[in-house]
Structure formats: structure tokens, C-alpha cells
Amino acid sequence: MTDPSRGATDPLTTWHRLAASCVLLDGFHALKHAVRFHARVPVAVTTDRGAALALADELAPDVRDTLDTLLTEVPDDAYRALVPRPHPTGVAALAERPSRETNLETLRRTPRTAPVVVLDNPRNLGNAGAVIRLAAGFGATGVVTTGTLDPWHPTVVRGGAGLHFATAVERLTVAELPPGPVFALDPEGDDIRGLKLPDDAVLAFGSERTGLSAELRARTDHLVSLPMRPQVSSYNLATSVAMTLYHWSATGGASA
Ligand SMILES: C[S@@+](CC[C@H](N)C(=O)[O-])C[C@H]1O[C@@H](n2cnc3c(N)ncnc32)[C@H](O)[C@@H]1O
């Protein structure tokens, strides 16, 4: 959604006014996804409008006109001063973070047509971003993290490729988890191949370092494992989420 109040204000002034309260969309693809999923984008800059709009013509004709309205060309050094490291597409934008209340309403609404993914005290920002991208791709209701990691950290947003706006992303305590049967993934659980995961499932995954917490285990209704040879200890967190969401979709879950 474009901001009609943008008017003729210098984009760099707008950027500096909003940078602390907004989410950085780093690169063309992040901006494209955010716009597709109705993020409110008050400012977007590029070092080369022609190149950015050519990319839009090629890869995102559905949002081309919106990007044409949003993007302002700025000098290369001005762009470089706005971002931690320049993106090959020379595009950056700021988006307003959806309100916590709206996300909580989405997460708590029942009946649900797609699972909520819970990352129990994840440690790796890249994993969290990859999981948000997966959740968006499979149409999951949301991604909840417990623990100290901020799922809206700039590195997570970068890993999520702008798809934080396509699913409800929030940090909650285990006690605040959304309603629904908790299926927790652990190598000691029942083989997932014998199970159908319901659309209202809460799919929980443990920390990269220590697995599922005692608190999460206490909330668990079903402990589920992914097929794995005995000599292998565990899979990476994000790949475990990928296999589980794929299993949900392949066994009758809402189509992706
Ligand atoms: C990297 S693993 C955690 C390894 C950790 N050292 C432990 O003690 O469990 C991260 C999470 O991915 C999921 N996972 C990894 N391999 C799995 C498997 N074979 N079956 C089910 N879940 C798995 C679990 O939720 C696990 O807590």
C-alpha cells in the first residue's frame, strides 16, 4: 500500500524520520514481496529507477505500477549511507511493522485453515528468516518465536526476503501460544509418515543448541519425528520446518 501523504517530501528526510520505527526492506525482491502482501511502504529508493522498473517488468509485473509510484532515484553515495551493505539491485525501502494486536488476532483466530509454526528459543537469525520464508510459501497462519531472539531483527527480515508481511510473525511466551494441538518435532517422536497433521496444528521446533524446552514439552500433545538414519543426530532447524510443512501440504493440508 502506498502512502498518499508522501507528497513531494525529500525521500532521504522521510527515511531518516522513519528509519528507527520501520523495517528495512533490503533489495528489490524484499520490496516486491512486501508490496504484494500489502505492507505499508512510506519510502523506497533506488540508485537506478530504469533498472529497478525493468526488473519489475520482468519479474513482478503485478506490482510494477506500485513500484513506479514508490521508487525515488537517489545518488549512489546517499543510498550506501542508508543500508548496512549495498544490495546488488540498489533498491531499499522502509515498511511499517504490522501491529502486534493484528498479528495476535490472526494467530488466535479459530478455526484455523493452516498451522502456526513455533520456534522454541531459536538462536540463529538466518534460520528464523528461512522459516518465515517457508511459512509464507506454504501459507502458514504465522511464525511464533519464544525466547530472546527478535523475529523482526533486520537480519531475520533480510533472510525472510520481505515475506514477514505474508504471515503473522510475533514473539510470545510458551504460555501465550495460540490454541490448537501441539505437534512438537523431535527425533524421539512418532514417525511423521504415519500421521496427518491437522490444519489447526501448532507445529513446534526446538532450539538449534538444546532442542525442545521442558516448558514446550509440557504443552506438547504429539511428539513427531522426521525420518533419519540412526547415525545422524538431527537436521538443521529450517530444513526440519520445510519437511514438516511439506508433509502437512502433501497429506491434504490447504494447497500452497
Ligand atoms: C538442530 S535440531 C536440535 C538439535 C539439538 N542439539 C537437540 O538436542 O535436539 C533443531 C530442531 O529441529 C527439529 N529436528 C531436527 N531433526 C529432527 C528429526 N530427525 N526429527 C524431528 N525433529 C527434528 C527438532 O525440533 C529440533 O529441536
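The values are calculated or read from the model by the stated rules, or taken from the named source; none is laboratory data. Predicted, not measured: the structure shown is a model, and the values here were computed from it. Reconstructed Cβ throughout: ideal geometry from the backbone, glycine too, with neighbour counts over all protein chains shown.
State all residues of region 43-71 that are assigned to a loop (DSSP other than H, G, I, E, B) and in contact with a helix residue (DSSP H, G or I) (Cβ under 6 Å, 6 or more places away or on another chain); if no residue qualifies, say none.
Narrowing region 43-71 to residues assigned to a loop (DSSP other than H, G, I, E, B): 47-48, 60.
Hits for region 43-71 are 47, 60.
Quickly run through region 224-238 and pick out the residues that are surrounded by 14 or more Cβ atoms within 10 Å (Cβ to Cβ), within 8 Å of the ligand (Cβ to nearest atom) and under 19 Å from residue 123 (Cβ atoms). Within region 224-238, 234, 235, 237 qualify. Here residue 10 does not fit the description of being surrounded by fewer than 18 Cβ atoms within 10 Å (Cβ to Cβ) and in contact (Cβ under 8 Å) with a residue 24 or more places away in the chain.
If the condition is being under 20 Å from residue 110 (Cα atoms) and surrounded by fewer than 18 Cβ atoms within 10 Å (Cβ to Cβ), then region 199-218 contributes 199, 200. Total residues in region 68-101 satisfying the condition of being closer than 28 Å to residue 168 by Cβ, of a type in the set (Ser, Thr, Tyr) and touching a residue at least 12 places away in the same chain (Cβ under 8 Å): the figure is 2. Out of all the residues in region 201-219, which are touching a helix residue (DSSP H, G or I) at 6+ places or on another chain (Cβ under 9 Å), assigned to a helix (DSSP H, G or I) and either outside the structural domain of residue 182 (by TED's automatic domain parsing) or within 13 Å of the ligand (Cβ to nearest atom) (or both)? The one that is touching a helix residue (DSSP H, G or I) at 6+ places or on another chain (Cβ under 9 Å), assigned to a helix (DSSP H, G or I) and either outside the structural domain of residue 182 (by TED's automatic domain parsing) or within 13 Å of the ligand (Cβ to nearest atom) (or both): 216.
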